[in-house]
Amino acid sequence: KELEQSIRIYDSIVKTGNEILDTLLSEKSLICEARDITIHCVIDGKKLFFMDSIDIYALFGNAIDNAIECVEKFSEKEMRFIDICVAEKQHFLYIRFSNPIVKEYPAHCREIRGGYLSIHRDELFQSGSAAPGEVKEQPSV
């Protein structure tokens, strides 16, 4: 039993290239495993170099917690998943959280439902915060 637990912990370790994000995702992966939720990550953590650690933790932690709350309502295993993608395309950083939703869902789930947050690197302040009006939630394609 202890060996199985050690293997599960080792398997939940995520390597993105960003130590803060790795720690957070490893923690959330263990939570998801305990709740029978699959979490898929395609993340280049090095692309988050401009963000403060606390901002990374707040953004990803909150979005994942919201997604967990939404998908744990499903009894069907195939509906209990969370997909996270961080990539750069045409000088934009795309951070996308995806998960199934129920028709009647809590208001906070609406913020992450089928959308993504795009931040243009050239428009960010040194602190990692975007100028007012520069961070936009856009509908999924």
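The values are calculated or read from the model by the stated rules, or taken from the named source; none is laboratory data. Here the structure is a predicted model, which is why all the values come from computation and not from measurement. Don't worry about glycine lacking a Cβ; one is built from the backbone with ideal geometry, like all the others, and counts go over all protein chains shown. With ligands, DNA and RNA removed, areas are computed over all heavy atoms of the protein, side chains included. Shrake-Rupley method; radii C 1.70, N 1.55, O 1.52, S 1.80 Å.
In the range 14-36, which residue that is in contact with a helix residue (DSSP H, G or I) (Cβ under 6 Å, 6 or more places away or on another chain), of a type in the set (A, V, I, L, M) and open to solvent by less than 50 Å² (accessible area, probe 1.4 Å) is modelled with the lowest pLDDT? Here the answer is Val14. Against the conditions (1) exposed (fewer than 14 other Cβ atoms within 10 Å of the Cβ); (2) modelled with pLDDT of 90 or more; (3) more than 12 Å from the chain's Cα centre (by Cα); (4) closer than 24 Å to Ile20 by Cα, Glu123 satisfies every one except (2). Please identify the pairs in which a residue from the range 52-63 that is of a type in the set (Ser, Thr, Tyr) has its Cβ atom under 8 Å from the Cβ atom of a residue that is part of a helix (DSSP H, G or I), counting only partners at least 6 apart or on another chain. Every condition considered, the pairs that remain are Ser53/Ile20; Tyr57/Ile20; Tyr57/Leu24. The residues of the range 44-84 that are under 9 Å from the mean Cα position of the chain (by Cα) and under 13 Å from Leu21 (Cβ atoms), listed by number, are Leu59, Phe60, Gly61, Ala63, Ile64, Ile84. Among residues that are out of contact with any Lys or Arg (no Cβ under 7 Å at 6 or more places or on another chain) and either crowded, with 17+ Cβ neighbours inside 10 Å or at pLDDT 95 or above (or both), Asn99 is included. Restricting attention to the range 52-64, the residues that are open to solvent by less than 70 Å² (accessible area, probe 1.4 Å) and within 27 Å of Ile101 (Cβ to Cβ) total 8.
None of Cys41, Cys109, Cys70 is at pLDDT below 95 and open to solvent by 40 Å² or more (accessible area, probe 1.4 Å) except Cys41. Restricting to the range 47-89, and then to whatever is in a helix (DSSP H, G or I) and among the acidic types (Asp, Glu), can you tell me which residue is farthest from Lys28 (Cα to Cα)? Filtering first and then ranking leaves Glu78. Considering the range 73-93, and only residues there that are hydrophobic (A, V, I, L, M, F, W, C) and farther than 17 Å from Ile43 by Cβ, the residue that is surrounded by the most Cβ atoms within 10 Å (Cβ to Cβ) turns out to be Phe74.
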